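Report on one structure; see the data block that follows.
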């Protein structure tokens, strides 16, 4: 026993160094791109992996539709969901939801503060509103990240899914998954950021007397950003039967009963 203790004391430093080296090796993230290999920069299909475990995947864009998978879905009698053709069309079609979402948030905030044009610094033809640029940028980024993380957290077992990813781009953020989802789960994923950030949160902040024009502005930003989620959810409610499943292939979505 004494010999073992002496050996451990003598070699403890070397053992610790090997353990640290092993952890560093496991923590490295490698990114695969069809054209080249790059370490440290996430290409369109980046995969963050650790030994024996899958972490959150970070992507720079929604992957292109897999033609082979598309043929398999069609052969398996999956029905393609009718959605807006492009982002601009989706934004234009979601304008009514922008108005509705913003109105709901303002009504909740109005229960605690005197919401009016004057409250936001708008009086007649004049406009006076001051906010630090770092506060504006960090607040908008914080709302964006929180919005997408709520989407992500609503996806079952997202941390181990090899087809689920989170994307933050200059034009906004998105969460993408090719996991099969029930219609109910799909709707929860769609509605959750708006309900949590723009309905529940202003109520809590109002109860704590923490609402301000700046905070309400950020909450409204989430309300506006949730409008496309509401639009897609409406398409799902109209087109997809209650017991159906949905799956994504690139920017296309498909549904099927009796999976």
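The values are calculated or read from the model by the stated rules, or taken from the named source; none is laboratory data. Note that this is a predicted model, so its numbers are computed, not measured. So basically every Cβ, Gly included, is an ideal-geometry build from the backbone, and we count neighbours across all protein chains shown.
What residue, among those in the range 153-185 that are touching a helix residue (DSSP H, G or I) at 6+ places or on another chain (Cβ under 9 Å) and part of a helix (DSSP H, G or I), is surrounded by the fewest Cβ atoms within 10 Å (Cβ to Cβ)?
Applying the filter and picking the extreme gives 153.
Report whether or not residue 247 is assigned to a strand (DSSP E or B) and buried (at least 17 other Cβ atoms within 10 Å of the Cβ). Walk me through how you get there before you give the answer.
Numbers: assigned to a strand (DSSP E or B): yes; buried (at least 17 other Cβ atoms within 10 Å of the Cβ): yes.
In short, yes.
What single numbered condition from (1) more than 19 Å from residue 239 (Cβ to Cβ); (2) in contact with a strand residue (DSSP E or B) (Cβ under 8 Å, 6 or more places away or on another chain) fails to hold for residue 70?
(1)
Regarding the range 128-137, can at least one residue be identified that is in contact with a helix residue (DSSP H, G or I) (Cβ under 9 Å, 6 or more places away or on another chain) and surrounded by 16 or more Cβ atoms within 10 Å (Cβ to Cβ)? Working first, answer last.
So the first thing to find is which residues in the range 128-137 are in contact with a helix residue (DSSP H, G or I) (Cβ under 9 Å, 6 or more places away or on another chain), and the list is 129, 131, 135-136.
From the residues that got through so far, the ones that are surrounded by 16 or more Cβ atoms within 10 Å (Cβ to Cβ) too are none.
Checked the range 128-137: no residue is in contact with a helix residue (DSSP H, G or I) (Cβ under 9 Å, 6 or more places away or on another chain) and surrounded by 16 or more Cβ atoms within 10 Å (Cβ to Cβ).
Being farther than 25 Å from residue 234 by Cα and surrounded by 14 or more Cβ atoms within 10 Å (Cβ to Cβ): is that true of residue 79 here? Reasoning before the result, please.
Numbers: farther than 25 Å from residue 234 by Cα: no; surrounded by 14 or more Cβ atoms within 10 Å (Cβ to Cβ): yes.
Spelling it out, it is not the case that residue 79 is farther than 25 Å from residue 234 by Cα and surrounded by 14 or more Cβ atoms within 10 Å (Cβ to Cβ).
Only one of 188, 108, 195, 150 is in a helix (DSSP H, G or I), at pLDDT 95 or above, under 30 Å from residue 256 (Cα atoms) and touching a helix residue (DSSP H, G or I) at 6+ places or on another chain (Cβ under 6 Å); which? Can you show your working first?
On the way: 188 fails: touching a helix residue (DSSP H, G or I) at 6+ places or on another chain (Cβ under 6 Å); 108 fails: under 30 Å from residue 256 (Cα atoms); 195 fails: touching a helix residue (DSSP H, G or I) at 6+ places or on another chain (Cβ under 6 Å).
After ruling out the rest, the residue left standing is 150.
Could you run through the range 205-244 and say how many residues are under 22 Å from residue 140 (Cα atoms) and in contact with a strand residue (DSSP E or B) (Cβ under 8 Å, 6 or more places away or on another chain)?
Total satisfying the criteria: 1.
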